[in-house]
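What follows draws every value from the coordinates through simple rules; no lab data is involved. Worth saying up front: this structure is predicted, and the values here are computed from it rather than measured. Heads up, the Cβs are rebuilt from the backbone with ideal geometry, glycines too, and the neighbour counts pull from every protein chain shown.
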């Protein structure tokens, strides 16, 4: 495979064979959600069951519902059932059984299984494999064999939470808040076999009886039952339901559902990414390897589908092309109604150039790996959209943040500044959005170094990987004019008003005013040296090397850039050192391939690589595949390829920015407050934390509210970068 840089080619010969993730199908989880139709919003959902035919039924107050086209609708198929008061549902031998105020019955085998139970207000039913039936009311228990009354007994503890048949011991178990009772079929009678407190649910997990309480999970075993273990370090302690689904323990709680893994940790399913709401009522095994999670407001079907990373990339590529392109620029989809893609619309952002550069880079890598004509055309389209960012401004080589037709610009802020800052800026400098000469378009000013990083990163890739010389030359032209703008304006990005932008600053007076512990001193030195190295590499114009040498010798930029990342820390009185800036990480890693591989000599290259390695070492705990693969492009050989693949597997299929809360979780190990903002000893899987760009791995909580769908370049760029550096194999699909 053709490689971007000669150094990378040489170093990756061993890496490609010893550190390549074999892309074989894994079980990708995602949720399909069914909400109660508006006319049934007041229905109390109680139970979900699925028979061997894959028929899912949900029991409400006294009626049955079924999931259909993302809604829970009234089940109207059996007209007689619509006139019955259904009080409970169970599944035995793969068939649904129902209890009403009058009878127990099933519709299988010609509807021949039915009998009157003769009980006042029955509440629950449990049916064994041989169709022995236990019915419980508030005051009475009855067992029926062969549809005939076999045993009955008054019930003195009316608060029965659950009935469960224990096949191994040929008995029924009854759970109340304070006790577990057994009814043996060999010698009928009711006996208390365990006393507890606040018990809510029970299920067998192997030979153990697992009991969920309002304060965790108990594991019981033996005869009589004895408590062996108490689990309180859970995602949430208020257990509402327990189910064993194909040998895996699933727990429902008042804040989501979670599955116990073989390593003792949990997969946590909460927030609207996974569930209609977080108050779990019931859990059941669903069809086709799915799990059904019933909550107060609807049903969620968690699917587990065999999928390769390549298939996942194809899924996201389709979404990117269908709804995340605005004039060819990559854009998020804003949603007028939370979670509703049908209400989506485009608006600009401060970083349209940066996000587009990252999608474009992914398409360049895809083209290099596959020679796909589609990837090439997508790359050319994105390039043309980015090229216009400099063409639309009157300042030579100055890239706009974005552009929009006049009157439709939305984002009036600039790079996270406050409303007060914006108002003051407009008073002193005029509008951030500037009108084009033909008065048909507006372009967004105040461009920052984030944007410049994206431009230089992708234009270098484009100049290396685009197949057509005419297009490669256009990329080199962009590199040249943007570098010339910075040089001609005394190492600043200078806006339409003749003033430097807030963050486009590489002048020594700005850079070296910071103490060495402030990250901007190291970062900005790295950026401008990489820009100059890139310009020299492609143009061979000595002015760029000469300018870089001056910054190095007179102003210490190589010394700034080559300091290890461990030097970054808090400096009292410096606003930019209050905590680790993860957006700076994004700029840094996009820059490191050029910073290392376009070095002017081998000695400089070795020093650049060592400082890059120091930064990567700090970032390893994030398990970010993009950082790892860009490090590989810079010459790194040990790049945590398994951790990278883990991130890609765990990246959610749902790209909507749902609100997510992990603050209540007791299964995570917290660490002391720190400069990097890391809360837990291990980074959470991407599908358990708020969706974010590549600059927020430690964001564990967020209130996105479902108001946008992120553009899927967040997955596409690292995946194709991984394929390019041969850290991910081509997909291996079994025939």
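Tell me the angle of helix 449-465 to the major Cα principal axis of the chain, expressed in degrees between 0 and 90 and rounded to the nearest ten. Approximately 80 degrees, to the nearest 10. Angle of helix 602-619 to the longest C-alpha principal axis of the chain, folded into 0 to 90 degrees and rounded to 10: 30°. In plain terms, the chain from residue 169 to residue 377 could stretch by 68.2 nm, reckoned as 0.36 nm per residue minus the Cα-Cα distance. By the beta-carbon count within 10 Å of each Cβ, the least crowded to most crowded order of 559, 602, fewest first, is 602, 559. Each part reduced to its alpha carbon centroid, the stretch 494-564 and the stretch 621-654 end up 28 Å apart. Compute the acute angle (0 to 90°) between the alpha-carbon long axis of helix 419-429 and the principal axis of greatest extent of the alpha-carbon atoms of the chain; round to the nearest 10°. Roughly 20 degrees between the two axes. Debye-formula intensities of the stretch 41-154, expressed as log10 I(q)/I(0) at q = 0.15, 0.17 Å⁻¹, are -0.64, -0.81 (one equal scatterer per alpha-carbon, no solvent).
Checking (1) 27.3, 91; (2) 31.8, 121; (3) 31.1, 99 against Rg and Dmax of the Cα atoms in Å calculated from these atoms, the matching label is (3). Each Cα pair under 8 Å and six or more residues apart adds its sequence gap; the mean of these over the residue count of the stretch 458-580 is a relative contact order of 21 percent.
The Cα atoms of the stretch 307-383 give a gyration tensor whose axes a ≥ b ≥ c have a/c of 1.5 or more with a/b no greater than b/c, which makes the shape oblate. Take each peptide in 692-699, 666-673, count the other Cβ atoms within 10 Å of every residue, and average; sorted highest first, the result is 692-699, 666-673. The mean sequence distance of close C-alpha pairs (under 8 Å, at least 6 residues apart), as a share of the length of the chain, puts its relative contact order at 13 percent.
The order of the peptides 654-663, 24-33, 271-280, 226-235 by mean Cβ neighbours within 10 Å, most packed first, is 271-280, 654-663, 24-33, 226-235. Secondary-structure-derived ellipticity at 222 nm for the chain, considering helices only, amounts to -10000 deg cm²/dmol, per-run term -39500 (n - 2.57) for DSSP H runs with n ≥ 4. Computed on the Cα trace of the stretch 508-592, the radius of gyration divided by the Kirkwood hydrodynamic radius gives Rg/Rh = 1.00.
Rounded to whole Å, give me the distance from the Cα center of the stretch 658-735 to that of the stretch 281-346. With the stretch 658-735 and the stretch 281-346 each reduced to a Cα centre, they are spaced 16 Å.
Multiplying the residue separation of residue 151 and residue 39 by 0.36 nm and subtracting their alpha-carbon distance yields 36.1 nm. The alpha carbon convex hull volume per residue for the stretch 99-243 rounds to 120 Å³.
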